[in-house]
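Reading through the structure tokens given below for one structure.
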Amino acid sequence: MSLLSVEDATAQLLDGVEALASETVGLDAALGRVLATDLAATRTQPPFPASAMDGYAVRAADAGREDQCLTVIGVSRAGERFDGALGPGEAVRIFTGAPVPDGADAILIQENAEREGNTVTVTVPVSEGLHVRPAGLDFKKDERLLVAGLVLGSRGIALAASMNYAQIPVRRRPRVAILATGDELVPPGGDPWP
């Protein structure tokens with residue numbers, strides 16, 4: 001009698017086995033589960049041009065040289081957008097993750113600026129696009145980012161959350177039974193030689 005190879009034995013065991021049905025679970029229950037379908041982003045991330053640093057949203061044309069003075073006209077925070085638009089000679093105080101106001105095309109970081117009242121002075125010039133994360137830098141809406149069959153770890157779950165999923169389709173957990181036969185088998189800790 002010849003023995004089967006591990007590959008042949010596995011193939012025989014799995015012959016006719018169908019994929020488990022899927023179920024939807026919350027992200028808090030998805031760790032270690034297998035993704036049942038591909039997932040595409042439901043939104044663009046970031047959804048708007050965002051500041052990568054704390055400082056001032058400016059027009060590079062106005063802040064491209066040292067000692068340029070700009071008038072601070074407002075504030076943009078991550079949870080509170082500045083509603084207006086930047087004009088020539090203006091700046092908006094901005095914080096990391098906040099939307100870059102219309103009209104601004106660069107961030108003058110706070111370390112490179114001196115502020116007195118409503119006036120900020122450029123100490124290190126900026127260039128267009130400096131410290132601005134463009135909309136869609138991470139991913140765009142409808143972009144397929146997670147593929148079926150992925151075993152979900154913390155990275156996959158975090159990506160699903162940033163794609164705006166609260167629940168995701170996963171394969172049902174298998175039910176497994178172990179059948180031990182033969183008188184040579186004893187429970188762990190038992191004595192195989194009576």
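Please name all residue pairs, on different chains or six or more residues apart, with Cβ atoms under 8 Å, provided the first residue is in region 103-125 and is more than 13 Å from D67 (Cα to Cα) and the second residue is hydroxyl-bearing (S, T, Y) and in a loop (DSSP other than H, G, I, E, B).
Taking only residues 6 or more apart or on different chains, the pairs are A106/S127.
Assess whether R133 counts as being loosely packed, with under 14 Cβ neighbours inside 10 Å and at pLDDT 95 or above.
Values: loosely packed, with under 14 Cβ neighbours inside 10 Å: no; at pLDDT 95 or above: yes.
When the stated conditions are applied, R133 does not pass them.
So which residues in region 23-57 are among the small types (G, A, S), surrounded by fewer than 17 Cβ atoms within 10 Å (Cβ to Cβ) and over 20 Å from F139 (Cα atoms)?
Of everything in region 23-57, those that are among the small types (G, A, S), surrounded by fewer than 17 Cβ atoms within 10 Å (Cβ to Cβ) and over 20 Å from F139 (Cα atoms) turn out to be G26, A29, G32.
Which of (1) surrounded by 15 or more Cβ atoms within 10 Å (Cβ to Cβ); (2) part of a loop (DSSP other than H, G, I, E, B); (3) basic (K, R) is the odd one out, the single condition R93 does not satisfy?
Among (1) surrounded by 15 or more Cβ atoms within 10 Å (Cβ to Cβ); (2) part of a loop (DSSP other than H, G, I, E, B); (3) basic (K, R), the lone unmet condition for R93 is (2).
Could you check how many residues of region 66-87 are out of contact with any strand residue (DSSP E or B) (no Cβ under 7 Å at 6 or more places or on another chain) and in a loop (DSSP other than H, G, I, E, B)?
Looking only at that region, the number is 4.
Could you tell me which residue of region 161-194 is nearest to L39 (Cα to Cα), considering only residues that are open to solvent by less than 60 Å² (accessible area, probe 1.4 Å) and of a type in the set (V, I, T)? Outline the logic, then answer.
Looking only at region 161-194, we keep the residues that are open to solvent by less than 60 Å² (accessible area, probe 1.4 Å), and these are 161-163, 165, 168-170, 182, 190.
Filter again for of a type in the set (V, I, T), leaving 168, 170.
Numbers: I168: 8, V170: 11 Å.
Looking at the filtered set, the residue picked out is I168.
Regarding L3, is this residue modelled with pLDDT under 95, within 33 Å of the chain's Cα centre (by Cα), in a loop (DSSP other than H, G, I, E, B) and hydrophobic (A, V, I, L, M, F, W, C)?
Details: modelled with pLDDT under 95: yes; within 33 Å of the chain's Cα centre (by Cα): no; in a loop (DSSP other than H, G, I, E, B): yes; hydrophobic (A, V, I, L, M, F, W, C): yes.
Considered against the rule, which asks whether it is modelled with pLDDT under 95, within 33 Å of the chain's Cα centre (by Cα), in a loop (DSSP other than H, G, I, E, B) and hydrophobic (A, V, I, L, M, F, W, C), L3 comes out as no.
Within region 104-128, track down each residue that is surrounded by 13 or more Cβ atoms within 10 Å (Cβ to Cβ) and part of a loop (DSSP other than H, G, I, E, B).
A104, D105, T123, P125, V126
I need every pair where a residue in region 156-172 that is under 19 Å from L137 (Cα atoms) and assigned to a helix (DSSP H, G or I) has its Cβ under 9 Å from the Cβ of a residue that is acidic (D, E) and open to solvent by 40 Å² or more (accessible area, probe 1.4 Å), sequence separation at least 6 or different chains.
The qualifying pairs are S162/D138.
Which residues, counting only those in region 151-160, are open to solvent by 60 Å² or more (accessible area, probe 1.4 Å) and touching a strand residue (DSSP E or B) at 6+ places or on another chain (Cβ under 8 Å)?
V151
I'd like the full set of residues that are over 20 Å from L145 (Cα atoms) and of a type in the set (S, T, Y), limited to region 3-36.
Those that are over 20 Å from L145 (Cα atoms) and of a type in the set (S, T, Y): S5, T10.
The values are calculated or read from the model by the stated rules, or taken from the named source; none is laboratory data. Please read these numbers as outputs of a predicted model, since none were measured by experiment. Positions of Cβ are backbone-derived with ideal geometry, glycine not excepted, and every protein chain shown enters the neighbour counts. Only protein heavy atoms, including side chains, enter the accessible area calculation; ligands, DNA and RNA are left aside. Shrake-Rupley method; radii C 1.70, N 1.55, O 1.52, S 1.80 Å.
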